[in-house]
Amino acid sequence: MIKNEIITHGVKSPVIIIDEYEFEDIAAEFINCEQYMDLASETHHGITRLKHSFKVAKATYRVAKSFGLDYKSATRAAFLHDFFFNDELDNQSELSKAKFHPQLALQNSKKYFNINDKEADAILNHMYPLTKDKPNTFEGMTLCLVDKGVAVTDRLSLVYSQTKTYTKKINFLLLLFLITNR
Ligand SMILES: [Fe+2]
Ligand SMILES: [Fe+2]
């Protein structure tokens, strides 16, 4: 980890330059797994589950690394935290899907990858406080918080893009109305 100093508004502050190529190394294992890449056909908070998982993994990597945590385990758990498929949760309410999917993600993770205890705990408890048990490690808690942050921003950007579409339609109708009533 390289530390530099930048000057913002006359104040010196340290910046941490993260070796992003390490993130690509961690990601390679998942990119090379066909079953994992099938997450690209699953929808999740208005985007694909693959994209959501990559966003959570990247943010978890950055946070965990800058806090000196076991960033490899945190990032691997982040990649795997939503490794489940919608048809595995058919006929369940949204609440029970939210509570049950970490168990499925853990099962699938164990089926296709070698995961350690820290990663298993982080995957299983990432939906806390919706689930009873909270993550037992800082890495797990990091994933739990980052996932919620990414989910909220994904939902907000979905609402924003829908609002933009509606605004465009309303503007078009207004224009049409003005032209036809001149
Ligand atoms: Fe999840
Ligand atoms: Fe998630």
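Kyte-Doolittle mean at least -1.0 and Cα extent at least 20 Å along the axis: which DSSP H helices of the chain qualify? Mind dumping the intermediate values first?
Details: long enough: 49-66 (25 Å, -0.61); 94-112 (27 Å, -1.03); 138-180 (63 Å, 0.65).
Span-like helices in the chain: 49-66, 138-180.
What length, rounded to one decimal in nm, is gained on full extension from residue 160 through to residue 38, with 0.36 nm per residue of separation minus their alpha-carbon distance?
Working: separation 122, 0.36 × 122 = 43.92 nm, distance 2.74 nm.
Contour length minus the Cα-Cα distance gives 41.2 nm.
By count of other Cβ within 10 Å, fewest leading, how are 128, 160 ordered? Spell out each step's value before the answer.
Working: 128 17, 160 10.
Ranking 128, 160 by Cβ neighbours within 10 Å, fewest first, gives 160, 128.
May I ask you to compute the full-extension gain from residue 136 to residue 86, defined as 0.36 nm times their residue separation minus their alpha-carbon distance, rounded to one decimal in nm?
Working: separation 50, 0.36 × 50 = 18.00 nm, distance 2.75 nm.
Between residue 136 and residue 86, full extension yields an extra 15.3 nm.
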>> Could you compute the net charge surrounding residue 85? Neighbours are other residues with a C-beta less than 15 Å from the C-beta of residue 85; K and R count +1, D and E count -1.
In response: -4
> What is the extension gain from residue 20 to residue 112, computed as 0.36 nm multiplied by their sequence separation minus the C-alpha to C-alpha distance, in nm to one decimal?
Replying inline: 30.6 nm
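Each reported figure results from applying straightforward, stated rules to the coordinates on display, with no laboratory input. Source: prediction; values computed, not measured. All Cβ positions, even for glycine, are placed from backbone atoms using ideal geometry, and neighbour counts span all protein chains on display.
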